[in-house]
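Take a look at the structure set out below.
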């Protein structure tokens, strides 16, 4: 579906979702800070002990 859900250690904001408890036990959807008209679609995710990042494709990048 191209959506991204994260859970786990959120102590240093590494899940990308503001306002989470230090440990997030259940998946929460990551909302991207971009125009919804771009329709972000997650292609790949990389996660480490203290970071996370993802590669997205947008409607604009498809043209």
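Here, each number is a calculation from the coordinates, and none is a lab measurement. Computed from a prediction, not measured in an experiment: that's the story for all the values here. Using ideal geometry, Cβ is built from the backbone for each residue, glycine included, and neighbour counts are taken over all protein chains shown.
Would you work out the relative contact order for the chain, in percent, from Cα pairs under 8 angstrom that are 6 or more residues apart? All intermediate terms of the calculation are to be shown ahead of the outcome.
Values: 90 pairs, mean separation 19.2, N = 63.
Relative contact order, the chain: 30 percent.
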Label-point separation in nm, residue 55 to residue 22, each point 7 Å along Cα→Cβ: 3.5
Cubic angstrom per residue, convex hull over Cα atoms of the chain: 82
